[in-house]
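Undergrad: Dropping the structure in here first, questions after.
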Amino acid sequence: MKRDSLPTMAATGPEAQTLRAGSGWRIALPALVAVLAFIVVAFFGTAAGMVAIWLRSETFAHGFVVAPISLWLIWRMRDRLRMIEPQPSWVALPFIAAAGFAWLLGEVGAVNAVSQFAFVSMLVLAVPAVLGIRVTRAMLFPLGFLYFSVPIGEFLLPTLMAHTADFTIAAVRASGVPVLREGLQVFSVPNGRWSVVEACSGVRYLIASLVVGTLFAYLNYTAMWRRVAFIGVSIAVPIVANWLRAYIIVMLGYLSDNRIATGVDHIIYGWVFFGLVMLIMFWIGARWQQPMHETAPSGGGQTAPGPPASPAQLRAAALGVIAVIALWPAANWAIERNSADSSAALPVIEVPAWTAAAAPEGSFAPSFHEPSAVRHEVFSRGGAQVGLFVGYYRGQNFDHKLVSSNNVLLRADDKVWHATRAGTSEMDIGGAKMPVVSATIRNAPGEALEARQWYWIDGALTASDPIAKARVAWLRVTGRGDDSAVVAVYTPAGAGKAADATLQAFVRDAWPAIASALAQTREQGR
């Protein structure tokens with residue numbers, strides 16, 4: 001007997017597409033993993049710096065779970081991704097180069113946030129470079145979620161502290177309790193003195209709520225307007241909740257004659273209150289939950305996976321990304337190798353018609369850490385007295401730099417002095433009017449000072465932190481060093497505009513000598 005042979009049938013249609021789908025992933029996925037590993041190794045210092053901040057700061061401890069959550073979100077959509085053939089996109093390389101240059105500027109300018117943001121951007125941009133635009137579009141949210149790993153947000157502290165203090169004082173007064181405001185964040189009630197410090201700013205609540213709220217919106221809503229609306233709510237609610245928390249704590253302290261809500265329980269009450277508010281917010285948000293529908297990768301209809309990229313194309317894409325990435329650590333190494341050491345010596349500053357003396361022990365001084373050289377003196381003429389503080393910086397790095405969140409005219413948590421006014425004012429320096437940082441400060445005995453502060457960056461003047469940072473970074477990138485300084489003057493606060501007039505008169509007389517001393521110090525280091 002002769003066995004009948006079955007006809008051979010070729011698979012066609014959607015079934016064939018399913019069988020063919022994903023054939024390029026066997027090479028593309030290992031290529032992407034190799035590129036990502038290379039980025040982490042090449043920028044290991046930046047990655048380690050991020051982890052160090054996660055470890056020491058409760059505000060950014062969520063950084064440990066961001067990458068695992070992103071990977072989980074990608075794993076959930078693996079069936080959709082399998083239907084898309086990886087197609088490397090060379091368009092991503094210029095953007096990777098731009099992120100690398102931003103990282104270099106952040107490194108040479110000692111700006112953690114810029115370096116870390118650029119590092120994460122390179123990780124994200126490696127995906128379209130190796131896997132292609134269609135794959136990237138499908139996993140856009142998980143990739144974007146990675147930016148929550150960047151520990152950024154401390155720049156909001158002064159604003160959040162000020163608004164918290166404003167609301168608390170207004171609410172306590174509206175409750176019938178007399179309040180004496182002693183500073184921007186310091187106030188007294190009849191049985192106690194309170195201050196809004198960094199831990200009371202609410203930035204921890206805000207960042208935690210934003211991270212969780214964004215993830216909740218993505219997982220529970222499909223309409224973009226609902227997602228955006230809920231993210232907006234997750235920003236507004238913790239801010240208002242922190243205001244109410246501060247008000248409740250002050251009132252509990254007042255009503256209990258400071259027996260409760262003034263120690264560790266102060267913190268416990270705060271987190272319990274915040275937890276309840278967040279629980280209510282998510283409970284309400286869940287009532288508008290939308291069913292999630294699996295959508296085609298490129299939007300509607302049955303879509304063919306497209307022709308797979310050849311192994312040579314995938315390997316070329318991975319090598320191209322690695323080549324672009326490798327430029328920036330090499331450039332940073334070259335810059336650091338040619339950097340000057342941090343030592344410097346400021347010459348004596350002599351001001352015509354003014355008598356100089358060393359600043360008394362315990363007198364006010366701006367909070368600028370680890371300068372290469374310092375001059376802090378008090379100048380007198382007639383009945384006028386002006387303090388001059390000059391802090392010079394050279395060979396800057398992340399531990400020794402001019403501009404940082406810790407280097408300010410007056411720290412919010414200063415134990416002796418507190419600000420009663422802060423902002424900017426205009427001052428004539430070297431014949432040109434420019435804005436300067438301005439503050440009125442006071443101590444417990446009642447001594448009040450008017451203070452002004454600005455930066456000297458290789459001869460250029462500015463009072464802006466971002467501009468000063470950018471100029472320092474550009475100087476280092478262009479091989480001109482990073483010599484820079486902070487200059488601050490202060491005088492006893494008088495009636496009317498007397499203090500302003502005294503400071504302006506001193507700066508007019510002293511600036512030629514100050515500028516000469518700074519230029520001389522710069523030339524000695526070259």
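So that you can scan it fast, the table gives a plain yes or no per residue for (1) among the β-branched types (Val, Ile, Thr); (2) within 26 Å of the chain's Cα centre (by Cα); (3) open to solvent by less than 20 Å² (accessible area, probe 1.4 Å):
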| residue | (1), (2), (3) |
| --- | --- |
| 198 | no, yes, no |
| 204 | no, yes, no |
| 221 | no, no, yes |
| 251 | no, no, no |
| 259 | no, no, no |
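Residue-wise test of (1) among the β-branched types (Val, Ile, Thr); (2) under 20 Å from residue 445 (Cβ atoms).
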| site | (1), (2) |
| --- | --- |
| 157 | no, no |
| 171 | no, no |
| 177 | yes, no |
| 181 | no, yes |
| 184 | no, yes |
| 195 | no, yes |
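Undergrad: Regarding residue 173, is this residue in contact with a Pro (Cβ under 9 Å, 6 or more places away or on another chain) and open to solvent by 10 Å² or more (accessible area, probe 1.4 Å)?
TA: The answer is no for residue 173.
Undergrad: Now, a different point. I want to confirm something. Restricting to region 108-154 and keeping residues that are of a type in the set (Ser, Thr, Tyr) and out of contact with any Pro (no Cβ under 6 Å at 6 or more places or on another chain), which single residue is surrounded by the fewest Cβ atoms within 10 Å (Cβ to Cβ)?
TA: The qualifying residue surrounded by the fewest Cβ atoms within 10 Å (Cβ to Cβ) is 147.
Undergrad: Sticking with this one: Of the conditions (1) in contact with a helix residue (DSSP H, G or I) (Cβ under 8 Å, 6 or more places away or on another chain); (2) farther than 16 Å from residue 148 by Cβ; (3) modelled with pLDDT of 90 or more, residue 60 clears all except one; give me its number.
TA: All conditions are met except number (2).
Undergrad: Take the residues of region 492-526 that are of a type in the set (S, T, N, Q) and more than 18 Å from residue 352 (Cβ to Cβ): which is most open to solvent (accessible area, probe 1.4 Å)?
TA: Per the criteria, the residue is 524.
Undergrad: While we're here: Taking residue 178 and the conditions (1) more than 26 Å from residue 411 (Cβ to Cβ); (2) part of a helix (DSSP H, G or I), which numbered condition does it fall short on, given that it satisfies the others?
TA: Unmet for residue 178, out of (1) more than 26 Å from residue 411 (Cβ to Cβ); (2) part of a helix (DSSP H, G or I): (2).
Undergrad: Report the residue count in region 460-482 for those that are assigned to a strand (DSSP E or B) and within 22 Å of the chain's Cα centre (by Cα).
TA: Final tally of qualifying residues: 1.
Undergrad: Spot the failing condition for residue 147; the list is (1) modelled with pLDDT of 85 or more; (2) more than 30 Å from residue 290 (Cβ to Cβ), and only one is missed.
TA: Every listed condition holds for residue 147 apart from (2).
Undergrad: Still on this structure, I have one more. Among the residues of region 359-376, write down those that are outside any strand (DSSP E or B) and open to solvent by less than 30 Å² (accessible area, probe 1.4 Å).
TA: If the condition is that a residue be outside any strand (DSSP E or B) and open to solvent by less than 30 Å² (accessible area, probe 1.4 Å), then 359, 364, 366, 368, 372 are the ones that fit.
Undergrad: Which one of these does residue 435 not meet: (1) touching a Ser or Thr at 6+ places or on another chain (Cβ under 7 Å); (2) buried (at least 18 other Cβ atoms within 10 Å of the Cβ)?
TA: (2)
Undergrad: Oh, and also: Yes or no: residue 188 among the small types (Gly, Ala, Ser) and either touching a Leu at 6+ places or on another chain (Cβ under 8 Å) or surrounded by fewer than 20 Cβ atoms within 10 Å (Cβ to Cβ) (or both)?
TA: yes
Undergrad: Follow-up. Output the number of the condition that residue 475 fails; it satisfies all remaining conditions of (1) open to solvent by less than 30 Å² (accessible area, probe 1.4 Å); (2) of a type outside the set (Gly, Ala, Ser); (3) touching a residue at least 24 places away in the same chain (Cβ under 8 Å).
TA: Going through the list (1) open to solvent by less than 30 Å² (accessible area, probe 1.4 Å); (2) of a type outside the set (Gly, Ala, Ser); (3) touching a residue at least 24 places away in the same chain (Cβ under 8 Å), residue 475 breaks only (3).
Undergrad: Further, regarding this structure: Tally time: how many residues in region 382-411 are open to solvent by 50 Å² or more (accessible area, probe 1.4 Å) and assigned to a loop (DSSP other than H, G, I, E, B)?
TA: Summing the residues that are open to solvent by 50 Å² or more (accessible area, probe 1.4 Å) and assigned to a loop (DSSP other than H, G, I, E, B) in region 382-411 gives 7.
Undergrad: To continue, here is another question. Looking at residue 379 and the list (1) surrounded by fewer than 20 Cβ atoms within 10 Å (Cβ to Cβ); (2) in a strand (DSSP E or B), which single condition is not satisfied?
TA: So the condition that residue 379 fails would be (1).
Undergrad: While we're here: Among the residues of region 321-339, what is the count of those that are open to solvent by less than 50 Å² (accessible area, probe 1.4 Å) and touching a residue at least 12 places away in the same chain (Cβ under 8 Å)?
TA: Count: 11.
Undergrad: With 55, 29, 36 as the choices, which residue is within 30 Å of residue 101 (Cβ to Cβ), open to solvent by 40 Å² or more (accessible area, probe 1.4 Å), touching a Leu at 6+ places or on another chain (Cβ under 9 Å) and modelled with pLDDT under 95?
TA: 29
Undergrad: Here's another thing I want to ask about it. Have a look at 157, 93 and point out the one that is surrounded by fewer than 21 Cβ atoms within 10 Å (Cβ to Cβ), of a type outside the set (Asp, Glu) and within 16 Å of the chain's Cα centre (by Cα).
TA: Residue meeting the stated conditions: 157.
Undergrad: Quick test for you: out of 422, 517, 485, 505, pick the one residue that is of a type in the set (A, V, I, L, M, F, W, C), modelled with pLDDT of 90 or more and in a strand (DSSP E or B).
TA: Going through 422, 517, 485, 505 in turn, just one is of a type in the set (A, V, I, L, M, F, W, C), modelled with pLDDT of 90 or more and in a strand (DSSP E or B): 485.
The values are calculated or read from the model by the stated rules, or taken from the named source; none is laboratory data. Computed from a prediction, not measured in an experiment: that's the story for all the values here. Using ideal geometry, Cβ is built from the backbone for each residue, glycine included, and neighbour counts are taken over all protein chains shown. Quick note on the areas: whole protein, heavy atoms, side chains included, nothing else; ligands and nucleic acids left out. Shrake-Rupley method; radii C 1.70, N 1.55, O 1.52, S 1.80 Å.
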